[in-house]
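Peer 1: To start, I am sharing the structure in question, which I have written as structure tokens.
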Amino acid sequence: MIAVIDYDAGNLKSVEKALNYLSEEVVVSRNFRDILTADKVILPGVGAFGEAMERLKQYELDKVIREAVQQRKPFLGICLGLQLLFSGSEENGGVEGLHILDGEIVKIPAKPGLKIPHIGWNSLHLQNQGRLFDGIEENAFVYFVHSYYLRAEKEEIVKASTEYGAHIHASVEEDNVFACQFHPEKSSSVGLQILHNFARIGEV
């Protein structure tokens, strides 16, 4: 079973729908037992970093996330869920993150003709043999919605990158923790393959 963490940060239904399409058993919940008895956990999210961290702490989900990661459950952060896993963000004047992975979330730099937030399809450069990208071709297109992006501290954890006014670390993997800045649940057949690959992590 895959637990999708509900912390009032939106985007839950589309993630649930995509997993149901893949015939995965899924529960959307903020109940500690649901999350910690699941085989895998997904932290989705859209919105502001500071508000999201406040809600995670309000529901004490920050503790549950750390416990799930420590139990070595395959864990996937999506969009804002990726950002929250890192040290902190420039958004909202600077907010501390969960510190599960090393890196900072910074604003996409303003440039002439560049629309922010970045909303739309971008191609991925694949690197470092990410398990989420089994069966995915180089330059596959995925769907982004964001104004801030990841600068990971360790290049070796970066499994996909893209260019949009800056070199954006679009997906990372370290041990049992995976994350995508883009939305696999909104990225057509490529995104479904990524979610399928995540659902198969750890299976013999």
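Just so you know, all these numbers are worked out from the coordinates, no wet-lab data involved. None of the values given here were measured: they were computed from a predicted structure. Heads up, the Cβs are rebuilt from the backbone with ideal geometry, glycines too, and the neighbour counts pull from every protein chain shown.
Peer 1: Tell me, what ³J(HN,Hα) does each residue in segment 10-18 have, in order and in whole Hz, if you take phi through Karplus 6.51 cos²θ - 1.76 cosθ + 1.60 with θ = phi - 60° and put x for Gly and Pro?
Peer 2: Here the 3J(HN,Hα) series is x, 6, 6, 5, 5, 5, 4, 4, 5 Hz.
Peer 1: Using only the Cα atoms of segment 86-204, what do you get for the radius of gyration and for Dmax, in Å?
Peer 2: Calculated on Cα positions, Rg and Dmax stand at 14.2, 50 Å.
Peer 1: To continue, here is another question. Between Glu137 and Gln71, what is 0.36 nm times their sequence separation minus the Cα-Cα distance? Round to one decimal in nm.
Peer 2: Details: separation 66, 0.36 × 66 = 23.76 nm, distance 3.18 nm.
The span from Glu137 to Gln71 would gain 20.6 nm if fully extended.
Peer 1: Could you work out how far apart the two model spin labels at Glu155 and Asp39 are, taking each label as a point 7 Å from the Cα in the direction of the beta carbon, and quote it in nm?
Peer 2: In this crude spin-label approximation the distance works out to 3.7 nm.
Peer 1: Measuring from centroid to centroid over Cα atoms, what is the spacing of segment 71-143 and segment 144-204 in Å?
Peer 2: If you average the Cα positions of each part, the centres end up 6 Å apart.
Peer 1: Against the empirical 2.2 N^0.38 Å scaling, what ratio does the C-alpha Rg of segment 85-144 come to? Spell out each step's value before the answer.
Peer 2: Numbers: Rg = 14.8 Å, N = 60, 2.2 N^0.38 = 10.4 Å.
So the Cα radius of gyration is 1.42 times the expected 2.2 N^0.38 Å.
Peer 1: What FRET efficiency comes out for Asp175 versus Glu90 if R0 is 25 angstrom and r is the Cβ-Cβ distance? Round to the nearest 0.05.
Peer 2: Numbers: r = 26 Å, r/R0 = 1.06.
Given R0 = 25 Å and the Cβ-Cβ separation, E is 0.40.
Peer 1: Right, something else. Roughly speaking, what % of Cα-Cα pairs in the chain are separated by over 20 Å, rounded to a whole number? Don't skip to the end; give the middle numbers.
Peer 2: Working: 10627 of 20706 pairs.
Tail of P(r) above 20 Å: 51 percent of Cα pairs.
Peer 1: So how compact is segment 1-73: Cα radius of gyration and Dmax in angstrom?
Peer 2: Cα only, segment 1-73: 11.8, 34 Å (Rg, Dmax).
Peer 1: Further question on the same structure: Principal axis lengths of segment 116-185 from Cα atoms, whole Å, largest first?
Peer 2: The Cα atoms of segment 116-185 stretch 32, 27, 19 Å along the principal axes, largest first.
Peer 1: Still on this structure, I have one more. What does the charge count around Tyr148 come to, taking other residues whose C-beta lies under 15 Å from its C-beta (Lys +1, Arg +1, Asp -1, Glu -1)? Before the final figure, lay out the partial values.
Peer 2: Working: positive: Lys107, Lys115, Arg151; negative: Glu51, Glu90, Glu91, Glu96, Glu104.
Net of charged neighbours comes to -2.
Peer 1: Can you give the Rg/Rh ratio of segment 19-128, where Rg is from the C-alpha atoms and Rh is the Kirkwood radius? Walk me through the intermediate numbers first.
Peer 2: Details: Rg = 15.7 Å, Rh = 15.7 Å.
On the Cα set of segment 19-128, Rg over Rh gives 1.00.
Peer 1: Sum up the lysine pairs in the chain that clear both bars: alpha-carbon distance under 25 Å and a spacing of 8 or more or different chains.
Peer 2: The number of close lysine pairs in the chain is 27.
Peer 1: Using the Karplus curve 6.51 cos²θ - 1.76 cosθ + 1.60 with θ = phi - 60°, work out ³J(HN,Hα) for each residue of segment 128-133 in order, rounded to whole Hz, and write x for Gly and Pro.
Peer 2: 6, 6, x, 5, 5, 9
Peer 1: So what is the relative contact order of the chain, in percent, for Cα pairs below 8 Å that sit 6 or more residues apart?
Peer 2: On the way: 449 pairs, mean separation 39.0, N = 204.
With pairs under 8 Å counted, the relative contact order is 19 percent.
Peer 1: Restricting to Cα pairs below 8 Å that are 6+ residues apart, what does the relative contact order work out to for segment 93-185? Please round to a whole percent.
Peer 2: Values: 161 pairs, mean separation 28.0, N = 93.
The normalised contact order for segment 93-185 reaches 30 percent.
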